[in-house]
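One structure below.
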Amino acid sequence: MMKITADTNVLVRAAVQDDPLQAYQAMQVLQSAELVAIALPTLCEFVWVLSRGYKKSSAEIEHAIQILFDCYNVSMNRPAVEAGLKMLRAGGDFADGVIAHNGYELGAEDFVSFDQKAVAIMQAQGKPAWLLSEPMRSVSTVLQQERAPYKVKPRSAK
């Protein structure tokens, strides 16, 4: 038995069934694999393609993801996907929920964005998030005026 990573286009073909041959091939490989690994970027693309390309509703997209959740052979970062679905249900972007969740997993304390809606939803969900505003851009202007190059501090050796 094979263990595979499914690309976005495989998931899309299986979900929308708009090309009979490719839909059949996608379903065959997804059903016959011992393990189907679905990476977070794949799911973010999947949601975007269904939403923007196929004009699917949030409820339809959530249903498609729930089908993947229920498959015995699918492996994904379920807590991150749940965070994305929570954001989607609240009217936000799935990817913003996934990004914030992943950031918190990596040690971040706050979600920071120029996206007012994403920040408002995060805050409404009790997540630490703040909106970057125009005055924050003045830091960049000051640095340019002083001609002080921005330097990244190297990580200390462990």
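Rule-based calculations on the coordinates, nothing more; no lab input. Predicted model only: the values in this text are computed from it and were never measured. Cβ coordinates were reconstructed from backbone atoms using ideal geometry, including for glycine residues, and neighbour counts include every protein chain displayed.
Details
- Straightening the chain between residue 18 and residue 130 buys 36.3 nm, computed as 0.36 nm per residue apart minus the Cα-Cα spacing.
- Between the stretch 47-115 and the stretch 1-46, the Cα center-to-center distance that results, in Å: 17
- Residue 105-residue 5 FRET efficiency (beta carbon distance; Förster radius 25 Å; 0.05 resolution): 0.80
- The GluC sites (Glu not before Pro) of the stretch 58-137 meeting both criteria, a DSSP state outside H, G, I, E and B (loop) and at most 10 other C-beta atoms within 10 angstrom of the site's C-beta, are 109.
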